[in-house]
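Trainee: Pasting a structure below so you can have a look.
What follows is calculated from the coordinates using simple rules that are stated; it is not laboratory data. These numbers come from a predicted model, not from an experiment. Here the Cβ positions follow ideal geometry from the backbone for every residue, glycine too, while neighbour counts run over all protein chains shown.
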Amino acid sequence: MKISIPSLLAIGAFGSAALLAHAQSEPKILTVDMAKLYENDYETQDYMTKLHGDENSAQQQYDQMTKDLTALKAQYDELSEQTKDPTATADAKAKSAADAQKTVQELQQKLGERNQFGTQVQREFQQRIQSFHDMMMDKIGQKAADIAKGHGATLLLDKSAISVLGAHTIIYSDPSYEITDEVMAAINKDRPAMPMPAPGAPPSSAPAGSPPAITVPGVTTPPASP
């Protein structure tokens, strides 16, 4: 059977179109480590430094409230002992008992205020961290997506993601398909110049140790910590 030249050309054109369509539909997958980008982003580091400073201030305020409670408890203990003094007059004991009762009420109020402050501070910092994290994930994700598109990628996967079973969702990927370092370099291009630290400025640090428990008559709530 003879096949004409036009038919051969038509067959060749069809084969080329099929190969081109297959090549165009072939996905190009890249990977990126979003956790690494988030942790090493200069905005994250700057924000965490500020957050730690705010935590130190809150801790100092909480510790001062605890010191005030300790002093007030010592005052109550002294008044309570005065009510048991066998050498004291009945009027003196009655006055000490009345003052002790007032001190207990003040202790209960201030203990509640301190514990409420600790709870509010915890909630506030958790909300701040979550809001910042969500904002940065969007920002970093957009930067990574733009770079992936520049490489002609059709799919970009986060290699730091964890499955419901606790395993990495990407068990293995060829390092040549990862663009984490490239994205990090693009992020650092936008980093402003760092100011020189003041000479002799001591680094800030959180107060060490846990606050002592304050036992208040009529109150069994354990002390909260920010």
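Trainee: Would you check if Asp63 is farther than 30 Å from Met34 by Cα, acidic (Asp, Glu) and surrounded by 13 or more Cβ atoms within 10 Å (Cβ to Cβ)? Spell out how you get there, then give the answer.
Mentor: Working: farther than 30 Å from Met34 by Cα: yes; acidic (Asp, Glu): yes; surrounded by 13 or more Cβ atoms within 10 Å (Cβ to Cβ): yes.
It is true that Asp63 is farther than 30 Å from Met34 by Cα, acidic (Asp, Glu) and surrounded by 13 or more Cβ atoms within 10 Å (Cβ to Cβ).
Trainee: Among the residues of the stretch 146-170, write down those that are part of a strand (DSSP E or B), under 16 Å from Val183 (Cβ atoms) and out of contact with any Ser or Thr (no Cβ under 7 Å at 6 or more places or on another chain). Working first, answer last.
Mentor: Our first condition is that a residue be part of a strand (DSSP E or B); within the stretch 146-170, this holds for 155-158, 162, 168.
From what's left, under 16 Å from Val183 (Cβ atoms): 155-158.
Within the stretch 146-170, Leu155, Leu156, Asp158 qualify.
Trainee: So which pairs qualify, if the first residue must be in the stretch 91-107 and touching a residue at least 12 places away in the same chain (Cβ under 8 Å) and surrounded by fewer than 19 Cβ atoms within 10 Å (Cβ to Cβ), the second must be among the hydrophobic types (A, V, I, L, M, F, W, C) and in a helix (DSSP H, G or I), the Cβ gap must be under 7 Å, and the two must be at least 6 apart or on different chains?
Mentor: Asp99/Leu79; Glu106/Leu72
Trainee: Filtering the stretch 108-145 down to residues that are of a type in the set (A, V, I, L, M) and in contact (Cβ under 8 Å) with a residue 24 or more places away in the chain, which residue is surrounded by the most Cβ atoms within 10 Å (Cβ to Cβ)?
Mentor: Residues of the stretch 108-145 of a type in the set (A, V, I, L, M): 111, 121, 129, 135-137, 140, 144-145.
Filter once more, so that each one left must be in contact (Cβ under 8 Å) with a residue 24 or more places away in the chain: 111, 121, 129, 136-137, 140, 144.
Numbers: Leu111: 22, Val121: 20, Ile129: 13, Met136: 17, Met137: 14, Ile140: 20, Ala144: 26.
If we take residues in the stretch 108-145 being of a type in the set (A, V, I, L, M) and in contact (Cβ under 8 Å) with a residue 24 or more places away in the chain, then Ala144 is surrounded by the most Cβ atoms within 10 Å (Cβ to Cβ).
Trainee: Within the bounds of the stretch 172-189, is there any residue that is free of Cβ contacts under 8 Å to residues at least 60 places away in the same chain, within 19 Å of Ile29 (Cβ to Cβ), of a type in the set (Gly, Ala, Ser) and not in a helix (DSSP H, G or I)? Walk me through how you get there before you give the answer.
Mentor: Taking the stretch 172-189 and keeping what is free of Cβ contacts under 8 Å to residues at least 60 places away in the same chain, we get 172, 174-176, 181-182, 185-186, 189.
Narrowing further to those that are within 19 Å of Ile29 (Cβ to Cβ): 172, 174-176, 181-182.
Pick out the ones that are also of a type in the set (Gly, Ala, Ser) and you get 176.
Still in the running and not in a helix (DSSP H, G or I): none.
No, the conditions are met nowhere in the stretch 172-189.
For (1) over 17 Å from Gln109 (Cα atoms); (2) of a type outside the set (D, E, K, R), each residue gets a yes or a no:
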| residue | (1), (2) |
| --- | --- |
| Gln59 | yes, yes |
| Thr66 | no, yes |
| Leu72 | no, yes |
| Leu79 | yes, yes |
| Lys84 | yes, no |
| Thr89 | yes, yes |
| Lys93 | yes, no |
